[in-house]
Amino acid sequence: MTNKMIDRKTAPAYGAIENINLLKPAQTKLNNGCDVFCFNSGDQELVRIEWIFNNLRFDPAKSLLNSATNTMLTDGTATLTAAEIADKIDFYGAFLSVDYGFEQSLVTLYSLTKHLDKTLPVVKDILTNSIFPQKELETFIRNQQQKLQVSLQKNDVVARRTFNKALYGDTIYGLTAELDTYNTLHRDDLLTHFKQMYQPSNCTIIIAGKVEQPALDLLAATFGEGWDNPATPADITQPEANRAGEHFYYVEKPEALQSAIRMGTPFINREHPDFPAVQVLNTVLGGYFGSRLMNNIREDKGYTYGIGSGITSYKQGGALFIATEVGADVCKAATVEIEKEINLLKTELIPGEELSLVRNYMLGSLLGSLENVFSHADKFKNLYFSGIGYEYYDRYTNVVKNVTAEELLKLANQYLDFDEFYKVIVGKY
Amino acid sequence: MVKFNRFILDNGLRVIVHEDNTTPMAVVNILYDVGSRDENPEQTGFAHLFEHLMFGGSVNIPNYDGPLQQVGGENNAFTSNDITNYYITLPSANIETAFWLESDRMLSLAFSEESLEVQRKVVIEEFKQRYLNQPYGDVWLRLRPMVYKKHPYLWDTIGKNIEHIENAKIEDVKAFFKKHYNPQNAIMVVGGDVTLEQVKELAQKWFGPIPAGEKYYRNLPQEPEQREERRETITAKVPLNDVYIALQMAGRREQQFYAVELMSDILSRGNSSRMYRNLVKDKQLFSEVHAYVFGSLDKGMFVLEGKPTAGVTVEQAEAALWAEVELLKTEEVPADELTKVQNKTESTMIFSEMSLLDKAMNLAYYELLGDADLLNYETEKFLAVTPAQIKEEANKLFRKDNSSTLIYLAE
């Protein structure tokens, strides 16, 4: 060992991030029209299987049907009670979850490969034989109403609901449940909804993990047979968003210690050619720990524990939004700073050093997000349901590496107008 | 099975290397053996405030985050009652940057007044956001001092009150650093696309020259066994009544821990669990109900919690929770039911091997428990638990005179 002093003031040399390799799935189609995508990688003897269904067309008068039908899938079938479903899954150390999203509803199974012969039939039963027992529905309604009462006391939740309602109106993205909305749920509607939506031609299966042929055969045998399409295909179109005219919403909470702020604007979605470049812009603004919003409003002013911006991309458009909770006494000051940061993006070029940092951060973050085979499947899912191909990530990495400060300035002027932002404050202002 | 190698630098820094070449990333996880239990009772919240200050620049590097983001890395940290844990993930080709950053802040912080000033404010906002401005957010501020009378677990990591954070001085920050942040009190795990030789060389280069510092010998007041029922009822701005029952339980290193944790699974893990099935679904007494443990290094907490449905009194709710645990005391758990929760634990351990960061954090934590290799024997210990042991531990645990009950009444 040498005693040479090391230079601690200078950063070690580092390399550019190259070779981001995405695993691509093998595709098959079952006889009943259900698509299967398979990602085979990893050493652990386990798999994750997702059954993904597009939601049915939204009916504002029955706004909870998509989410309630999904959530209640584990509550009983013609042959298994809710308790028996839970027992069978838990006994084999498996995890079964249902997840409702604005566009798709999922059933996800994590299982050791050796137990698939026991766990897959339970999922099959759920997808083909769910009966939504009346007693379970009543329990569901009561418990959801109680949970909603708790959520509605959280300022950030109220801010998000108010914001979505303003941006998307009476659509699946915008309309959220009030306590009495749950009273519109009826068992017959759930059954009808279930039969229309959970049909093979509206189903995409994604299996990821150490997937060998026997597992695939078992999957095909279980879900390719004895599961037929009804006479009419699922109507998965969605009405267009109807934005509110009013852009400012203040929900006053006189005793609030903090105010939740949520503001933003309707925005382009993933299909748009500018999407990768505006993601760079968003990252600079509020997309990472070192972002301008964090630096200014948390690290410089100490107004908040956290602030960030993000872009949501839906089939029917999307949004760029900023969200934070700040001390009630500095709420106005915080909004002034947010406005400053938006306008700065429109008037001054992003300095070279900052842009270089953001480029590397984004590429490292993409590389790091590919932690295991499940993450590769997640990337595919994003692309597939946006209707775009793997070339998106080539374009994305290319744009992140090469977009210029001049182009970003132009995009900021094209897409960001603080005066036109929807602004929601919950708390004190 | 998580394989690893271990070596110790002359200054006492323990280094664990987990090679995993299935990823292009590397993880550097540093656990400091200091948590809120090591704080002065008059300066609580300090370990956590200090965690924030660790990002405020070190002796040779004014900005911690920037250079890391520049090489495609990300980082974060957390503080618990027992430990403070910092981690970085970055492309493995740039791993030296992580060594450079972490070694400089182990060497010394910049101790800037501005950084302290701002982070005080940030932590106060965190206090408001997570503890004061949420329904039930103050539960641990209330419950901990009921369960613990002597041991410093009686305060939460955020601190007893905001004043303690407001009053933090730069001298206190320096003293805390000197006492706890040195190679002897740290465990570093480097995992991912790295080799043992490479890590040895980098560790020696960057961490080798750091002085060993003084060894901190922990001597905390231990919590005496509880011998009386404790309770508190508060009326608060919450939408629903809520019942919390906390019981003192064995520490993380005790052999009984495994049976006690499985008991919480039997009671409330998943939709097949007893409390969910009996109390939420069948009797419909609660809209939600939970049982969980705090696996603390010293005496821990076993918590039962439930929000009663409309029309159910808190007395009825409490009685129903006690009736469930009473059953564990009087009847042995059926073999199938025990196998079920053991299978779940086993598969959870296998699933956690899918995440490089989880593996690195686990290795560091088990090394703190005594030996990183304990991680690989953890499943066996859960599988060895018998119905008789569960019954025995239930009888020790679920006593009224070992309970602290906190009731929230909706205004």
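The values are calculated or read from the model by the stated rules, or taken from the named source; none is laboratory data. Keep in mind that this is a model prediction, so the values were computed, not measured. Cβ atoms come from the backbone with ideal geometry, glycine included; neighbour counts cover every protein chain shown. Note: areas computed on protein heavy atoms with side chains; ligands, DNA, RNA excluded. Shrake-Rupley method; radii C 1.70, N 1.55, O 1.52, S 1.80 Å.
Points to keep in mind about this one:
- Dipole of the protein assembly as shown, positive end: most advanced residue of A:22, B:23, B:64 [Cβ charges, Cα centre]: B:64
- Kirkwood-based Rg to Rh ratio, the protein assembly as shown, C-alpha trace: 0.94
- A versus B: buried accessible surface, summed, Å² (probe 1.4 Å, to nearest 100): 6300
- C-alpha center-to-center spacing [segment B:264-329, segment B:128-142] in angstrom: 21
- Positive-pole candidate from A:317, B:354, B:206, dipole of the protein assembly as shown, charges at beta carbon: B:206
- For segment A:124-171 versus segment A:357-393, the inter-centroid distance based on Cα atoms is 30 Å.
- For the protein assembly as shown, the dipole from Cβ point charges (+1 on Lys and Arg, -1 on Asp and Glu) about the Cα centre works out to 540 debye, to the nearest 20.
- FRET efficiency estimate (nearest 0.05) - Cβ-Cβ, residue B:229 to residue B:282, R0 30 angstrom: 0.60
- Packing, taken as the mean count of other beta carbons within 10 Å per residue, orders the peptides B:228-239, A:328-339, A:365-376 from highest to lowest as A:365-376, A:328-339, B:228-239.
- Among B:218, B:399, B:269: highest mean-square fluctuation, GNM of chain B, C-alpha pairs under 10 Å: B:218
- Lys, Arg +1 and Asp, Glu -1 on Cβ, resulting dipole of segment B:205-260 about Cα centre, debye, nearest 20: 360
- If R0 is taken as 60 Å, the Cβ-Cβ distance between residue A:348 and residue A:225 corresponds to a FRET efficiency of 0.45.
- Using a simple spin-label model with pseudo-atoms 7 Å out from Cα toward Cβ, residue B:149 and residue A:332 lie 5.1 nm apart.
- Eigenvalues of the alpha-carbon gyration tensor of segment A:26-223, scaled by 5 and square-rooted, set the equivalent ellipsoid semi-axes at 31, 19, 17 angstrom, largest first.
- In terms of accessible area, using a 1.4 Å probe and ignoring ligands and nucleic acids, A:404, A:171, B:379 rank largest first as A:404, B:379, A:171.
- Spin-label model, residue A:250/residue A:385: points 7 Å from Cα along the beta carbon direction are separated by 3.8 nm.
- Size of electric dipole in segment A:1-126: Cβ of Lys, Arg +1 and of Asp, Glu -1, about Cα centre, debye, nearest 20: 480
- Protein-only accessible surface order, largest first, of A:223, A:95 at 1.4 Å: A:95, A:223
- Three-way shape label, segment A:140-285, alpha-carbon gyration tensor, a/c 1.5: prolate
- Pairs from the list A:9/B:3; B:150/B:396; B:121/B:400; A:88/A:147; B:179/B:400; A:62/A:210 with a Cα-Cα gap above 30 Å: A:9/B:3; B:121/B:400; B:179/B:400; A:62/A:210.
- The 1.4 Å probe gives accessible areas that order A:160, A:8, A:270, largest first, as A:160, A:270, A:8.
- Computed over chain B, the per-residue total of -39500 (n - 2.57) for DSSP H runs of n ≥ 4 gives a 222 nm mean residue ellipticity of -11500 deg cm²/dmol, rounded to 500.
- Top positive-direction residue, dipole computed over the protein assembly as shown with Cβ charges, set A:132, B:409, A:363: B:409
- Fraction of accessible area attributable to carbon and sulfur, segment A:144-190 (%, probe 1.4 Å): 40
- Accessible-area value, residue A:311, 1.4 Å probe, nucleic acids and ligands omitted, Å²: 40
- Label positions at residue B:5 and residue B:130, each projected 7 Å from the Cα along the C-beta direction, are separated by 3.7 nm.
- Note on residue A:225: accessible area is roughly 110 Å² with a 1.4 Å probe, heavy atoms of protein only.
- Solvent-accessible surface of chain B, taken per residue with a 1.4 Å probe and all protein chains present: 37 Å².
- Highest to lowest packing among A:279-287, A:395-403, scored as the average C-beta count within 10 Å: A:279-287, A:395-403
- Counting only protein heavy atoms and using a 1.4 Å probe, the accessible area of residue A:294 comes to about 10 Å².
- Largest GNM mean-square fluctuation among A:288, A:384, A:168, using chain A with Cα springs under 10 Å: A:384.
- Remark: mean inter-chain Cβ contacts per residue of A:302-311 equal 3, using a 10 Å Cβ-Cβ cutoff to other protein chain atoms.
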